[in-house]
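Before I ask anything, here is the structure I am working with.
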């Protein structure tokens with residue numbers, strides 16, 4: 001009887017130790033995957049950023065500008081991102097920007113930073129060394145075709161015209177039974 005209780009106690013102890021070791025191993029693997037630097041690939045149709053937690057595809061027809069900035073705007077809030085000692089990745093809020101900011105920063109203390117403005121978001125990317133960031137910026141400028149701003153304005157104008165037509169049609173539908181039919185019958 002005592003030997004059975006001893007076997008159960010040793011078995012339970014092994015289970016607890018195994019469970020703890022498995023938990024610690026999972027935490028270590030997850031931390032390593034999160035802390036890996038993103039892989040940025042440039043294609044003729046856009047920019048693809050491979051990352052474990054925050055992958056992105058930025059199509060050319062949404063990119064308004066790409067510029068090199070030397071001072072990072074102030075981050076006001078991390079909405080869904082990772083902010084470690086040096087690396088910041090994910091979704092953040094930035095002062096004086098109405099858009100959501102997506103950061104891929106290997107060194108948020110030291111510029112330069114590549115700022116990619118899109119129709120929906122703004123992306124800030126930098127590498128560990130400034131020369132790498134400058135080289136990435138040069139590659140982006142030579143590979144990525146920016147969207148034509150006049151096309152964006154035309155699309156906005158077309159959307160506004162479509163909205164006006166819908167409102168006028170709605171008002172006409174409301175007026176037909178109450179105004180137009182009595183005018184036709186009288």
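Computed from the coordinates by the stated procedures, all read-outs in this text should not be read as laboratory data. Just so it is clear, the model here is predicted, and its values are computed rather than measured. Positions of Cβ are backbone-derived with ideal geometry, glycine not excepted, and every protein chain shown enters the neighbour counts.
Going by what's in this entry, would residue 39 be described as in contact (Cβ under 8 Å) with a residue 24 or more places away in the chain, closer than 19 Å to residue 137 by Cβ and out of contact with any helix residue (DSSP H, G or I) (no Cβ under 9 Å at 6 or more places or on another chain)?
no
Considering segment 68-81 alone, what residues qualify as being under 17 Å from residue 114 (Cβ atoms) and loosely packed, with under 13 Cβ neighbours inside 10 Å?
70, 71 - these are the residues of segment 68-81 that are under 17 Å from residue 114 (Cβ atoms) and loosely packed, with under 13 Cβ neighbours inside 10 Å.
Which of the residues that make up segment 56-83 are out of contact with any strand residue (DSSP E or B) (no Cβ under 6 Å at 6 or more places or on another chain) and outside any strand (DSSP E or B)?
61, 70, 71, 74
Among the residues of segment 103-119, is there at least one that is buried (at least 16 other Cβ atoms within 10 Å of the Cβ), under 16 Å from the mean Cα position of the chain (by Cα), farther than 19 Å from residue 49 by Cα and touching a residue at least 24 places away in the same chain (Cβ under 8 Å)?
Within segment 103-119 (the criterion being buried (at least 16 other Cβ atoms within 10 Å of the Cβ), under 16 Å from the mean Cα position of the chain (by Cα), farther than 19 Å from residue 49 by Cα and touching a residue at least 24 places away in the same chain (Cβ under 8 Å)), the answer is no, since none of the residues qualifies.
Also, I was wondering about something else. Among the residues of segment 82-102 satisfying the criterion of being surrounded by fewer than 18 Cβ atoms within 10 Å (Cβ to Cβ) and under 20 Å from residue 36 (Cα atoms), which is farthest from the chain's Cα centre (by Cα)?
Only one residue fits best here, namely 85.
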